[in-house]
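Since every read-out is calculated from the coordinates, none of them should be taken as a lab result. Note that this is a predicted model, so its numbers are computed, not measured. Neighbour counts run over all protein chains shown; Cβ positions are idealised from the backbone, glycine included.
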Amino acid sequence: MLTQSEENYLKAIFHIQQEVEGGISTSRLAEKLETKAASVTEMIKRLADKKLVDYQKYYGVQLTDMGRKHALLIVRKHRLWEFFLVERLNFNWDEVHEVAEQLEHIKSPKLVEELDIFLGRPEYDPHGDPIPDANGNLPKSPKKRLSQLKTGDHAICKGFNDNSSSFLKFLDKQEIGLDTQIEVIHIESFDESMTVLIDKREVPLSKTASDNIYVEHITVEV
């Protein structure tokens, strides 16, 4: 049985591994979890003793197969609860993360499975993130960061790297959501900010914003 803190560490390592290859430094993990590096080192040793992570001092930490299995279960519960809160309890998508952070630690496998069935086995949560199935398989989608597109490119919004309430409220203000169609009409060479066209509206986006929006590049016939 894992503690809530141990589960949080496994999930954090999993999320970082989706962005980078190789081992993760304790400083990177401390930044992600907003804690001290010494606390991270102590926890990593505990997880290593339980065969959930591999850790080498100068090469960083990685999940073992067993650690990844546990992490995917936590992610599965978190994203199913987010879907439930938005689709069934009428929460806004910027309100659900903290609530799901609490619900994801419920231990009942039967509850998770029945919740999945009740919701119709959704593949993606309200933010476009894939929901692992009971076997830990993740749906895949061809997506890249909006900041990687060029002037004249068209795309459809497929998810967000930043699910914080402040960023989601910013997206609501700009009327950007899942499946929103976007055309890049200008990229500023100075700071890589861009102007995009959404429903005939010109919307300015900073590099930080475009870095945190995932899109699927599409071809539009003229």
Checklist entry - Can you pull the percent of Cα pairs in the chain with separation above 23 Å? => result 54 percent
Checklist entry - Exactly which chymotrypsin sites (Phe, Trp or Tyr not before Pro) in the stretch 119-222 are in a DSSP loop and have at most 15 other Cβ atoms within 10 Å? => result PHE190
Checklist outcome for this item: Spelling it out for VAL196: with amide H atoms placed in the peptide plane at 1.01 Å from N, the residues 5 or more places away or on another chain with amide H under 5 Å from its amide H are ILE185, VAL203, LEU205
Checklist entry - About its Cα centre, what dipole magnitude does the chain give when the only charges are +1 on Lys and Arg Cβ and -1 on Asp and Glu Cβ, stated in debye to the nearest 20? => result 840 debye
Checklist entry - Expressed as a rounded percentage, what relative contact order does the chain have, with Cα pairs under 8 Å and six or more residues apart? => result 15 percent
Checklist outcome for this item: The answer for the per residue Cα convex hull volume of the stretch 110-158, in Å³, is 84 Å³
Checklist entry - Shape call for the stretch 4-63 from the C-alpha gyration tensor, a ≥ b ≥ c root eigenvalues: rounded (a/c under 1.5), prolate (a/b greater than b/c) or oblate? => result rounded
Item to check | Sites matching GluC sites (Glu not before Pro) across the stretch 161-210 that sit in DSSP coil, with at most 11 neighbouring C-beta atoms within 10 Å | outcome: GLU175
Checklist entry - In the stretch 14-122, what chymotrypsin sites (Phe, Trp or Tyr not before Pro) fall in a loop by DSSP, with at most 11 other Cβ atoms inside 10 Å? => result TYR58
Checklist entry - Within the chain, which complete DSSP H helices have Cα atoms spanning at least 27 Å along the helix axis and a mean Kyte-Doolittle hydropathy of -1.0 or higher? => result 65-87
